[in-house]
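The values are calculated or read from the model by the stated rules, or taken from the named source; none is laboratory data. Please read all numbers here as calculations on a predicted model, not as lab measurements. Backbone-built Cβ (ideal geometry, glycine too); neighbour counts: all protein chains shown.
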């Protein structure tokens, strides 16, 4: 089946098997491998992207369900240079192995959009759907707090 | 690709979806937000021949008050219900329970009716629907829509009264009653995980309707005394639920949670 959508501002059309998930479309058909796959069951948050402006877990969305939608991935977040959230993650050492980072950043951008001045509890609560198996949460929370001041 | 092969249909009308469902003779699964079904498909716990995506059906996308209930269409997402103006006053139990449903990313996709259709025994929205005495509307190819009370809709683990050719088109949450306090809480390994025990309460003077999720094979509701005799009634209820040991918790721990958390939830809500 044909799926047409806009990814990071570019219109794309791909012929995919109906069982293709959105994250497979992004990684395997569009070579946007910045979005990671952790659990494939909607728990870990590594595959978080923005679908029509809202954070979703791309392992739990069929590519066909994104027909006509606007998708933003980690590759499309910054408009030249780094997004303030990416800079804050770098400055605050908000990553260790980096596997969860794209999902963390995409979730955090949506979080700060909804809560422009989040306190620590709001950040921890808002990132409950993103797991960091290095357990580097402390600096991730600091990074989100710093980015919120600059967004 | 993780799921087994299936055909995918994205009907534009309710009628079309029902025709597809009836024509598939039990070999189809309805996909709404996909926050339960996609995991099931990815793990190949289900291998349907046809997946019918109902999220493009505008006529199933609504939240409206009708006949003393808040009616939620099958394409309405959990995040939309959470953002519905006045939800905290109109159906406070659901407003309190929604933040416990998955994570914000999954609530952006997941639908209210989808959670009810999936009928996980520890899920929050089925528990709220059962505790409030709500209803599920089912439509098949022939005849009038069937309106089923939550008490008879949920029949066991992932098992409901829905016939294979029927589509859940709406769920109805009764509006808040005067002089009634509503409370929700749960215990899980991590916030957003499946509840080990979830409790929903509607407290009216000396009585409480207490719903328990995560213990029996479906949400169970019992009317208990809210004041004198509460502890004995909670203990009896905790045993009657038939808790079992599993990987997450022992039966004894579940009974303890029903007793202790139940007492806390109910006594804190009552005026001294």
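Observations on the model:
Each row is one residue, and each column tells you yes or no for (1) in contact with a helix residue (DSSP H, G or I) (Cβ under 6 Å, 6 or more places away or on another chain); (2) modelled with pLDDT under 95; (3) surrounded by fewer than 24 Cβ atoms within 10 Å (Cβ to Cβ).
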site	(1), (2), (3)
B:106	no, no, no
B:124	yes, no, no
B:128	yes, no, no
B:131	no, no, no
B:137	no, no, yes
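- Selected residue (criterion: surrounded by the fewest Cβ atoms within 10 Å (Cβ to Cβ)) from residues of the range A:12-56 that are more than 15 Å from residue B:41 (Cα to Cα) and facing another protein chain (nearest Cβ under 7 Å): A:54
- The set of residues in the range B:22-46 being more than 10 Å from chain A (Cβ to nearest Cβ) and more than 22 Å from the chain's Cα centre (by Cα) consists of B:22, B:23, B:24, B:25, B:26, B:27, B:44.
- Leading residue by the ranking (nearest to the chain's Cα centre (by Cα)) among those in the range B:158-186 that are exposed (fewer than 15 other Cβ atoms within 10 Å of the Cβ) and closer than 30 Å to residue B:204 by Cα: B:177
- Answer residue from the range B:99-113, given it is out of contact with any strand residue (DSSP E or B) (no Cβ under 8 Å at 6 or more places or on another chain) and under 26 Å from residue B:166 (Cβ atoms) and is nearest to the other protein chains (Cβ to nearest Cβ) among those: B:102
- Residue in the range A:135-143 that is part of a loop (DSSP other than H, G, I, E, B), closer than 23 Å to residue A:99 by Cα and more than 12 Å from chain B (Cβ to nearest Cβ) present: yes
- Single residue of the range A:57-70 satisfying the filter (surrounded by 23 or more Cβ atoms within 10 Å (Cβ to Cβ) and more than 9 Å from chain B (Cβ to nearest Cβ)) that is farthest from residue B:43 (Cα to Cα): A:66
- Residue B:49 meets the conditions (1) surrounded by 18 or more Cβ atoms within 10 Å (Cβ to Cβ); (2) within 12 Å of another protein chain (Cβ to nearest Cβ); (3) touching a strand residue (DSSP E or B) at 6+ places or on another chain (Cβ under 8 Å) in every case but one. The failed one is (1).
- One residue from B:97, B:79 being in contact with a helix residue (DSSP H, G or I) (Cβ under 9 Å, 6 or more places away or on another chain) and under 16 Å from residue B:174 (Cα atoms): B:97
- Considering residues of the range A:1-11 that are more than 20 Å from residue B:41 (Cβ to Cβ) and in a loop (DSSP other than H, G, I, E, B) only, the residue farthest from the other protein chains (Cβ to nearest Cβ): A:9
- Unmet criterion (only one of (1) closer than 18 Å to residue A:112 by Cβ; (2) away from chain B (no Cβ under 11 Å); (3) surrounded by fewer than 21 Cβ atoms within 10 Å (Cβ to Cβ)) for residue A:75: (1)
- Residue within the range B:215-230 that is surrounded by fewer than 17 Cβ atoms within 10 Å (Cβ to Cβ), closer than 27 Å to residue B:95 by Cβ and modelled with pLDDT under 95 present: yes
- Filter pass, residue A:129 being surrounded by 21 or more Cβ atoms within 10 Å (Cβ to Cβ), outside any helix (DSSP H, G or I) and within 12 Å of chain B (Cβ to nearest Cβ): yes
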